[in-house]
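The values are calculated or read from the model by the stated rules, or taken from the named source; none is laboratory data. Worth saying up front: this structure is predicted, and the values here are computed from it rather than measured. Every residue, glycine among them, receives a Cβ derived from its backbone with ideal geometry; neighbour counts consider all protein chains shown.
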């Protein structure tokens, strides 16, 4: 058993939250913890800090992604004075520390680097005992994820494990699990049945996602997709951004795409697995969680304007494996999609590449490894003690 488990995330982007929820579900489904709780660590921090970590991040994604890229590269170097470790003193994380001491977890599973850094600092000062596990939610590992005092990293790719090994992390401390996604994505669902369930036509279906918080150039994507010449339907998931949904509805009405392309706008949904099952192609930004979900459904991808930094690196891996193409100029989006449709064998190869990259059971792989780490070391009894005595 895992004992008392905290799954810790931070609401800076939706992916960290979804990864935590997937792990929580995996633990609950197997009844492997006396108690499991998912906590957004930002709820236990100073209001100003919480704003910087959530709203300011989304503003930069929409208005100044190049700044995020610069910060990503600048901070991608492990420093002796780890800025995350200083969170205890400088970023008003004291309420979270009090919560940890009150809850006394046996296992902490961190899908964001902020809680893992705080726990690592406490462990390093002998102020807290817990099995500290870090789940990296992008394909590459950034220096901000690195901790001194932890028991296990969970990463998406073998290449990421090689990277950590080069940084001095022992093999035994890294598990190539994949990025954890909701176990429901492992269920095979009939494409036509899913289209009927969601009121879609039985035609070529393009799924567009703006992520859980509805960010990115979705309006310009919609405009570009109206230029498709072959019949298609576009399902656009706008997340929690209701103003974006209303804006897209107005834009589509003005553009009047006619009968060639139909559009369906969806807000926040818990049925992304069914929408992906209904789709032939995914178009959007390559966040770690959304990408992993698409790979689980063997969906070919068209990567649009990845955020400099982690999304660009995610994109590189998808392109290298042949699971995606990239569109850097939105006016050419319809043209690139038409090329794919006219070469169905290429679409099939992309789907097979996605299948090869997908790790639908990542959450359970994480849970299984943590169970191994929680097992007590075998005691020396009988012949083993005698053997040790002889060696002496």
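The table below lists the values:
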| item | result |
| --- | --- |
| Condition check for residue 88: over 30 Å from residue 241 (Cβ atoms), in contact with a helix residue (DSSP H, G or I) (Cβ under 9 Å, 6 or more places away or on another chain), assigned to a helix (DSSP H, G or I) and modelled with pLDDT under 80 | yes |
| Yes/no for residue 8 being crowded, with 20+ Cβ neighbours inside 10 Å and either assigned to a strand (DSSP E or B) or outside the structural domain of residue 370 (by TED's automatic domain parsing) (or both) | yes |
| Number of the exception - residue 128 against (1) modelled with pLDDT of 95 or more; (2) part of a loop (DSSP other than H, G, I, E, B); (3) buried (at least 19 other Cβ atoms within 10 Å of the Cβ); (4) in contact with a helix residue (DSSP H, G or I) (Cβ under 8 Å, 6 or more places away or on another chain) | (1) |
| Residue in region 219-226 that is at pLDDT 95 or above and either farther than 25 Å from residue 13 by Cα or assigned by TED's automatic domain parsing to the domain that holds residue 165 (or both) present | no |
| Count of residues meeting criterion [surrounded by 19 or more Cβ atoms within 10 Å (Cβ to Cβ) and either touching a strand residue (DSSP E or B) at 6+ places or on another chain (Cβ under 7 Å) or free of Cβ contacts under 8 Å to residues at least 12 places away in the same chain (or both)] in region 132-150 | 9 |
| When residues of region 238-271 are limited to those that are assigned to a helix (DSSP H, G or I) and in contact with a strand residue (DSSP E or B) (Cβ under 7 Å, 6 or more places away or on another chain), the one surrounded by the most Cβ atoms within 10 Å (Cβ to Cβ) | 248 |
| Condition check for residue 235: at pLDDT 75 or above, part of a strand (DSSP E or B), closer than 22 Å to residue 308 by Cβ and under 23 Å from the mean Cα position of the chain (by Cα) | no |
| Sole exception among (1) at pLDDT 85 or above; (2) under 16 Å from residue 207 (Cβ atoms); (3) not in a helix (DSSP H, G or I) for residue 277, by number | (3) |
| The listed residue being surrounded by fewer than 20 Cβ atoms within 10 Å (Cβ to Cβ) and farther than 25 Å from residue 188 by Cβ, out of 341, 326, 355 | 326 |
